[in-house]
Amino acid sequence: MNPIPTPTPYAYEAVEYITLNASDWSIWNFADDAINVWNYEPLLGQLVQTALVIVLVIIFVVVLIRQLQKLQGDE
């Protein structure tokens, strides 16, 4: 005779939780390395700055166009 199936699956065995300490994760832990790379590779710094400015200009233009379309009712 087959046992009657349960409507819900059986409970899983308890597992040990992963403990994360927030103080172990900080952007400032990598600041010294980032500054050293930035100073060691000045061309890389210029490329990053140029790319960032281009991305910000593109985002600004897209937002501006959407706002103008809302004002004109072309949405």
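Any read-out appearing in this document is the output of simple, stated calculations on the displayed coordinates, not a laboratory observation. Since the model is a prediction, treat every value here as computed from it, not as a measurement. Cβ atoms come from the backbone with ideal geometry, glycine included; neighbour counts cover every protein chain shown.
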Query - Net length gained if the chain between LEU44 and ASN29 were fully extended (0.36 nm per residue, minus Cα distance) - result: 3.3 nm
Query - Label-point gap, in nm, between TYR17 and VAL57 - each point 7 angstrom along Cα→Cβ - result: 5.0 nm
Report summary line: Here the range 27-72 gives, from Cα atoms, an Rg and Dmax in Å of 16.7, 50
